[in-house]
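Only one structure is covered here, and it is reproduced in the block below.
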Amino acid sequence: MSVAVQQAVEGDQDKDKVEDAKAVNREEDATTTGGEEDAKGVGKTDTDVTSAKALFDAIESNSTEALEAILSAHEEDDFVAQQVDERGNTVLIRAVQLGHSEMVEKLLNSQQASTSNCNQVGDTALHWACYRGDWRSVAALLSHGAPFEVPGDAGNRPLHLAASSGNSKVVFNLIMSGASVNSLNDYGNKPRHLTKDAQCSKMLKRIENGRESARLDLKKEQDEIERREQIALEERIKKEQEKAQLRLEYEAEAVRRRQEEDAEEARLEEEERERIRLEEEAKAKAEEEARKAAELRQKIAEEEARLAAEAAKKSKKKKGKGKKKK
């Protein structure tokens, strides 16, 4: 038992204080770095220690690529299971503590992580997943055969911690897996005594007081609830898809209209440019014709002036000849 829990027990034995003390202890575990260089293990070589640190570092940083590289580099089936930090947490427990569900699944699928290993206070990865209310990790652990009746810190089974977290989905999964609702922790509490969630309390009471068929009845009801939720989800998805389709159609229509407007605007601009071009051509032609007419008038005037000058000259000569004859 942790020091914080022991101090609470030596006081007034108040259940809430005990659970608060346990929560503090768990939070301290969760914030402790698992990738220290002094990661412990019997008979490790220098290479093993380095790999252990790299493994914990990959978990801490939630680097799936680094984890996959390390797993592929080791063929020993128990390599991952052997690595522990200063609190006795395996890399699987550490991944659960950090809430890295994808890492948890990769470790389990590698067949190198043990679901039954516990840390220094007796908690397994499933204890921590239930404490966090991490439904995804709980489902993965249960599907890989994680033991659910192992007493951990303060004698709590995973169901005690699931009830305390108030996650009804996790509680239901444990019940359906066969977890006992009547198990007592070190303080004589059943899982139901630790929950503040009405739905969790209702489920646990029902199994406590029910017949052998109570689990089956609960399963049927839960299946019906999930069926309705699935129908509701599908309806929401359908409506969202319809809305998305309408948005796409509206946007497509808006694009089409903009294209038509742009095309009409371009046509009008082209017509305006053609009108201006024709006007400029007509103006240039008129100016050219006016210039030519002016030149012609100038030539005519010059010719008339020349002819007039010649006529005047001839007339003057005739007058001069007439005077001489006299």
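Just so it is clear, none of the values below were taken in a lab; they were calculated from the coordinates. Predicted model only: the values in this text are computed from it and were never measured. Note: ideal-geometry Cβ built from the backbone for every residue, glycine included; neighbour counts use all protein chains shown.
Does A129 satisfy the condition of being in contact with an Asp or Glu (Cβ under 7 Å, 6 or more places away or on another chain), in a helix (DSSP H, G or I) and under 30 Å from E208 (Cα atoms)? So A129 fails the test. Within the stretch 134-145, identify whether any single residue is part of a helix (DSSP H, G or I), of a type in the set (S, T, N, Q) and within 23 Å of I59 (Cα to Cα), and answer yes or no. Within the stretch 134-145, one or more residues are part of a helix (DSSP H, G or I), of a type in the set (S, T, N, Q) and within 23 Å of I59 (Cα to Cα). Among the residues making up the stretch 103-123, a single one is β-branched (V, I, T) and either under 13 Å from H160 (Cβ atoms) or assigned to a helix (DSSP H, G or I) (or both): V104.
When G188, G166, G155, G178 are checked against the criterion of being in contact (Cβ under 8 Å) with a residue 24 or more places away in the chain and out of contact with any helix residue (DSSP H, G or I) (no Cβ under 9 Å at 6 or more places or on another chain), a single residue qualifies: G155.
Residue-wise test of (1) touching a Phe, Trp or Tyr at 6+ places or on another chain (Cβ under 9 Å); (2) under 28 Å from D85 (Cα atoms).
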position	(1), (2)
L107	no, yes
Q111	no, yes
V121	no, yes
L142	yes, yes
S177	yes, no
N182	no, no
G188	no, no
A198	no, no
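Scanning the stretch 107-120 for residues that are in contact with a Ser or Thr (Cβ under 6 Å, 6 or more places away or on another chain) and surrounded by fewer than 20 Cβ atoms within 10 Å (Cβ to Cβ) yields a single hit, N117.
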